[in-house]
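Chemist: Have a look at this one before I ask anything.
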Amino acid sequence: MKPSVFLALPLGKPFERKLSDRFTVVTDPAERGAAEALITVGSNVTGAAEMNAMPKLKLICCFGSGHESIDVAEAERRGIKVANTVGANAATVADLAVALLLASIRKVVEADRLTRAGKWRGDNPASLLFLRGLTGRKIGIVGLGAIGLKIARRLEGFETEIGYTGRSEKPGIPYRYFRSALDLASWADTLILAHRADETNRHLVNAELLKALGPEGHVVNISRGSAIDEDALIDALKSGTIAGAGLDVFENEPAPRADLVSLPNIVVMPHLGGGTSEAIVAMGDAVIANLDAFFGGKPLPNPVLPS
């Protein structure tokens, strides 16, 4: 018999067909008790209660790299392995980070709106003229994993200077390393969040860090909404403490704060960083690779270990 897998949310018919070729796929929560594996996303809570509802569970597989709402320690205690698809969507997310950065720096959304309204060059506010571009900027990247590294390599082509921070300095990396996000922000004029966000770095971007970034600074977040103190960000955007922000993620999804998304110096997306067709296929294939390895008695390609 095929191993039984509970698919906790719809992830597209092509992926589900591939999954069904190898496994018995369960989609009804009332029938999940017989499943040996769970496919979910990192933002879906999977703790003791969810594990209790699946007494045969042996593997939790995250569609995507995030696993912030998975109780990995509890899973380990129960002998349940956890895997993700880290790196599968790295190129796509990196592309969006650069797009958000350019859109924020050059005020693309605001200029688009004004042009559609019939306001042209001299009719536009002075804030749209003589903007500082991307070339020559100091780009600080928080988290130089698969996504952060691809962001850095893309931005090298814009003749920028790149620095980063993370848990430790990476050998063989040509970029300048900073021991803390605050040190990085004090050096940089643009900060891109590409780290794994969890409770240990909640509100990493706070009022102190935004002040350090400075009035020409821009923040881009393609990590998780919890990484930014949104009260502090709103204050900084309104007061001119920083110049702008580009956000694909928010603390309150799928209903981000109206007082945040209504600000004119912000560019927003509805958490679509990994949402291209090729990234979805790659993540689906990575999920299946984890399942195949697990049920084949082989090491997981992308294991998630307790912090």
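Readers should treat all values here as calculations from the given coordinates under stated rules, not as data from a laboratory. The shown structure was predicted, so the numbers you read here are calculated from the model rather than taken from an experiment. Don't worry about glycine lacking a Cβ; one is built from the backbone with ideal geometry, like all the others, and counts go over all protein chains shown.
Chemist: Once the mean 1/r over all distinct Cα pairs of the chain is inverted, what Kirkwood radius in angstroms do you read off?
Modeler: Computed over the chain, the radius equals 20.7 Å.
Chemist: If you look for lysine pairs in segment 90-268 that are eight or more places apart or on different chains, how many of them have Cα atoms under 20 Å apart?
Modeler: Summing the qualifying lysine pairs gives 8.
Chemist: Also, I was wondering about something else. Please report the relative contact order for segment 107-252, taking Cα pairs under 8 Å with a sequence separation of at least 6, and give it as a percent rounded to a whole number.
Modeler: 19 percent
Chemist: Please arrange Asp21, Asp189, Asp248, Asp285 by how many other C-beta atoms lie within 10 Å of their C-beta, fewest to most.
Modeler: Asp21, Asp285, Asp189, Asp248
Chemist: Under a GNM of the chain (C-alpha, springs under 10 Å), which listed residue has the highest mean-square fluctuation: Gly133, Gly12, Gly172?
Modeler: Result: Gly172 has the largest fluctuation of those listed.
Chemist: Once you keep just the Cα pairs under 8 angstrom separated by 6 or more residues, what percentage relative contact order results for segment 130-174?
Modeler: 47 percent
Chemist: Note down the relative contact order for the chain as a percent, whole number, built from C-alpha pairs under 8 angstrom at least six residues apart.
Modeler: RCO, the chain: 17 percent.
Chemist: Given only helices, namely DSSP H runs of n ≥ 4 each adding -39500 (n - 2.57), what is the per-residue ellipticity at 222 nm of the chain, to the nearest 500 deg cm²/dmol?
Modeler: Calculated at 222 nm, the ellipticity per residue is -9500 deg cm²/dmol.
Chemist: Another question, then. Order these by the 10 Å Cβ neighbour count, fewest first: Glu230, Glu253.
Modeler: The most exposed by this proxy come first: Glu253, Glu230.
Chemist: Further question on the same structure: Over the chain, with a Gaussian network built from C-alpha contacts below 10 Å, which listed residue (Asn221, Asn44, Asn290) shows the highest mean-square fluctuation?
Modeler: Asn44
Chemist: Summing Lys, Arg as +1 and Asp, Glu as -1, what charge do residues with Cβ under 10 Å from the Cβ of Gly273 carry, Gly273 excluded?
Modeler: -2
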